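*Asks:* Sharing a structure here in structure tokens format.
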Amino acid sequence: MSAPAPAPSALPAKPLYSGPAGMVWSDGLKLYNLTAEGVRVQAVMPGGPHNQPSPVEMEAVQNAAQNAYGPLKPWMASVLAALVLLGLSLLNVPLWLTLLLGLAFTAGLIALPVSRQYAAFKSLFEKREEVTILLSDTPTNAVSNLVDIGPDTPAQKLDASRQPVAVVVRGLPVAERVKLAGAVTRQLAMGALAARRGK
């Protein structure tokens, strides 16, 4: 008589984040010696309870894309780029070169706000030694449990009964904090976009 097959893990095969501390999925995590399964990742935040970003820092991140062109508004930068291209065509610049410059201008207009916002976002996680992950089945800003973990944390397991829970992760290098935050933020943004399209 053969032994029963082991029960499959509740966590999906492909993690959002994988690094030296462990892995994070959309519905759980295994970081250091903490395991949480069956509870969705709702948010990732820089710092812990005692060193959260100030309102000024958060506003700087939100305004980074809007102020990417300095004193120019986005529509002004677009008009300026169009005028440059029109001027090139009036100077009989070859069409292929005008199109190439047009593509470069367009790429720059799109990339500059994104890169400015990412740099501001990245700086929040670089300045703090902790990253906080919020686990809850429903979107919320309130937590009923706080778990602090690091390389020296004893083994423990969280289940859905303890949600909403904030997991404060210590000991990650700067690059890993940014990588974790970026991966979770991208997943949440894609989920929100998909939900909007489904309406």
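*Asks:* Just one of LEU99, LEU112, LEU124 is buried (at least 18 other Cβ atoms within 10 Å of the Cβ) and either more than 15 Å from VAL39 (Cα to Cα) or touching a helix residue (DSSP H, G or I) at 6+ places or on another chain (Cβ under 6 Å) (or both); which is it?
*Replies:* From the options LEU99, LEU112, LEU124, the qualifying one is LEU124.
*Asks:* Would you pick out the residues in region 18-57 that are assigned to a helix (DSSP H, G or I) and in contact (Cβ under 8 Å) with a residue 12 or more places away in the chain?
*Replies:* Matches in region 18-57: GLU57 only.
*Asks:* On to the next question. Working carefully through the options ALA3, ALA81, ALA7, ALA68, find the one that is modelled with pLDDT under 85, in a loop (DSSP other than H, G, I, E, B) and open to solvent by less than 40 Å² (accessible area, probe 1.4 Å).
*Replies:* The match here is ALA68.
*Asks:* Here's another thing I want to ask about it. So, in region 155-176, of the ones that are on the phi < 0 side of the Ramachandran plot and small (Gly, Ala, Ser), which residue ends up surrounded by the most Cβ atoms within 10 Å (Cβ to Cβ)?
*Replies:* Taking the candidates together, the pick is ALA166.
*Asks:* Please enumerate the residues belonging to region 133-150 that are open to solvent by 80 Å² or more (accessible area, probe 1.4 Å) and assigned to a loop (DSSP other than H, G, I, E, B).
*Replies:* Correct list: THR138, PRO139, ASN141.
The values are calculated or read from the model by the stated rules, or taken from the named source; none is laboratory data. Everything numeric in this text was worked out from a predicted model, so none of it was measured. Backbone-built Cβ (ideal geometry, glycine too); neighbour counts: all protein chains shown. Areas reflect the complete protein model, heavy atoms only, side chains present, ligands, DNA and RNA absent. Shrake-Rupley method; radii C 1.70, N 1.55, O 1.52, S 1.80 Å.
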